[in-house]
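Encoded as structure tokens, the structure appears first; notes follow it.
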Amino acid sequence: MPESQFTSAKPEARLKELGVTLPAAPKPVASYIPWVRTGNLVFVSGQLPMRDGKVAFAGKVGKEFNVAKAQEAAVVCCQNSLAIVRDAVGSLDKVKRVVRAVGHVNCAPGFTDVHLVTNGASDFLALVFGENGKHTRLSLGAAELPLNAAFELDLIVEV
């Protein structure tokens, strides 16, 4: 959905227009906290494509998943990250901008389109936040990710 088709500039309203209900903020699966706020920045711990406490996309991109399916995993990670941001600050409407997104892709040997996989998260952030969703980014390929997840997202937002 192009940005011009939205009737609201507010992220919470945009989610409704997209028909997206964010999940409850995922609980940590190891020894870390889900977010840290320092000044006007919120750092979200890496989020996996979890649904109902289970990894919804397990396996290697380029083997078990193609780019399009891996982008779906990236969107789930992004939704989980935004649920954590909402928990941290009370509403996504308080987010001034997305600062940085780091995507980690669980790659089969020879898979090099990691940047295209991370587009799933980047494009979703732009849909939700408009111009303020455009961010700096890093996309990395990994030999393995926690719980064999296909993707992991690390996010920093300004509030």
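Read the figures in this text as sums done on the coordinates, not as results from a lab. Because the structure is predicted, anything quoted here is derived from the model rather than measured. All Cβ positions, even for glycine, are placed from backbone atoms using ideal geometry, and neighbour counts span all protein chains on display.
Some observations on this one:
- Between Ala56, Ala83, Cys107, the Cα set farthest toward the positive side of the dipole of region 1-140 (charges on each charged residue's Cβ, about the Cα centre) is that of Ala83.
- By the count of neighbouring beta-carbon atoms within 10 Å, fewest first, Ile156, Ile33, Ile84 end up ordered Ile33, Ile156, Ile84.
- A simple spin-label model places pseudo-atoms 7 Å from Cα toward Cβ; at Ser91 and Leu18 they are separated by 1.9 nm.
- Taking every full run of DSSP H in the chain, none both stretches at least 20 Å from end to end by Cα along its long axis and averages 1.6 or higher on the Kyte-Doolittle scale.
- What you get for region 1-141, charging only the Cβ of Lys and Arg (+1) and of Asp and Glu (-1), is a dipole of about 300 debye around the Cα centre.
- The chain, helix-only ellipticity at 222 nm - DSSP H runs n ≥ 4, -39,500 (n - 2.57), divided by all residues, nearest 500: -10000 deg cm²/dmol
- Kirkwood radius, the chain, all distinct C-alpha pairs, inverse of mean reciprocal distance: 15.5 Å.
- Most mobile of Asp52, Asp123, Asp93 in a GNM of the chain (Cα contacts under 10 Å): Asp52
- Choice from Ala101, Ala74, Ala25 showing the highest fluctuation, given a GNM over the chain with Cα pairs closer than 10 Å: Ala25
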